[in-house]
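Below is one structure; the comments refer to it alone.
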Amino acid sequence: MSTDERSSRRSFAVAITGASGAVYAVRTLAALLERGCHVELVISEYGRRLLRDELGEAASVDRLTDYLVGKYGSDVRQGSTSLYSNKDLGARIASGSQGCEGMVVVPCSMKTLAGIAHGLSRNLVERAADVMLKERRTLIVVPRETPMSLPQLKNMVLCAEAGAMVMPAMPAFYQMPQTLDDLADFMAGKILSALGFQHELYPAWKG
Ligand SMILES: Cc1cc2nc3c(=O)[nH]c(=O)nc-3n(C[C@H](O)[C@H](O)[C@H](O)COP(=O)(O)O)c2cc1C
């Protein structure tokens, strides 16, 4: 895709790491793409494994677009995606001069959470998140683990103190979810709200 085409769209980085909850990742991706966004996508080695382990071979990285279209419909093609290796520290999103307005790490493993919390920049996911923090742009991390150790809890605090929004993968049940997709819609909806999108991924709370 040309630079002009990319810059005419709202652009976000999405990282998928190896914590349980692949369904949250694909729902978030689809929701951004349906809205015509450009997504700079990076998937860790364990994130790649997670897509296959939790969603099956049809969701493996090389077939991901077809998977999203099959599950969420052809509107997903309104967006665009650039996929990067997690080892590529020279990728566009490793620099503060890139145009992404925000980044979502969904799901976020405890390992990646620790790397972000301590500014380690050991791979592209951590570096891109570090860039978001230093540039004061939106960074949403969606950690998943239970129970949590003290270091893990402290790492969430460090991320929040650095300016990230910590949004644990904790879907609500007052919406009476019927399916796993309902739970995924809820988390993706929370992420979209935090990125400033209107949506109807879950019913508005009427009190
Ligand atoms: C199927 C599967 C599920 C996992 N679930 C979690 C999890 O929920 N939370 C977590 O922190 N790690 C989880 N792990 C372990 C991480 O994938 C592992 O620590 C990995 O090194 C994370 O690396 P990454 O952050 O680069 O993806 C899981 C691993 C596998 C294979």
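The values are calculated or read from the model by the stated rules, or taken from the named source; none is laboratory data. Nothing here was measured: the structure is a model prediction, and the numbers come from that model. Note: ideal-geometry Cβ built from the backbone for every residue, glycine included; neighbour counts use all protein chains shown. Ligands, DNA and RNA are excluded from the accessible area calculation, which covers all protein heavy atoms including side chains. Shrake-Rupley method; radii C 1.70, N 1.55, O 1.52, S 1.80 Å.
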*Positions within segment 132-175 being open to solvent by less than 50 Å² (accessible area, probe 1.4 Å), hydrophobic (A, V, I, L, M, F, W, C) and part of a loop (DSSP other than H, G, I, E, B), in sequence order*: A164, M167, A169, A172
*Just one of the numbered conditions (1) surrounded by 15 or more Cβ atoms within 10 Å (Cβ to Cβ); (2) more than 12 Å from the ligand (Cβ to nearest atom); (3) in contact (Cβ under 8 Å) with a residue 40 or more places away in the chain; (4) closer than 19 Å to A188 by Cβ is not true of G36; which one?*
(1)
_Give me the residue from segment 45-80 that is open to solvent by less than 70 Å² (accessible area, probe 1.4 Å) and β-branched (V, I, T) and, out of that set, nearest to R137 (Cα to Cα)._
V76
*Return yes or no: is A15 touching a residue at least 12 places away in the same chain (Cβ under 8 Å), surrounded by fewer than 16 Cβ atoms within 10 Å (Cβ to Cβ) and either out of contact with any Ser or Thr (no Cβ under 7 Å at 6 or more places or on another chain) or not in a helix (DSSP H, G or I) (or both)?*
no
*Which of the residues belonging to segment 176-199 are in a loop (DSSP other than H, G, I, E, B) and either farther than 14 Å from A30 by Cβ or modelled with pLDDT of 95 or more (or both)?*
M176, P177, Q178, T179, L195, G196, F197, Q198
*Are any residues in segment 59-114 touching a strand residue (DSSP E or B) at 6+ places or on another chain (Cβ under 6 Å) and among the polar types (S, T, N, Q), and if so, which ones?*
S80, T81, S82, N86
*Set S20, S7: member being at pLDDT below 95 and open to solvent by 40 Å² or more (accessible area, probe 1.4 Å)*: S7
*Just name the residue that is farthest from the ligand (Cβ to nearest atom) out of those in segment 107-139 that are in contact (Cβ under 8 Å) with a residue 40 or more places away in the chain and of a type in the set (S, T, Y).*
T138
*So which residues in segment 105-123 are touching a Ser or Thr at 6+ places or on another chain (Cβ under 7 Å) and outside any loop (DSSP other than H, G, I, E, B)?*
V105, V106, P107, C108, T112
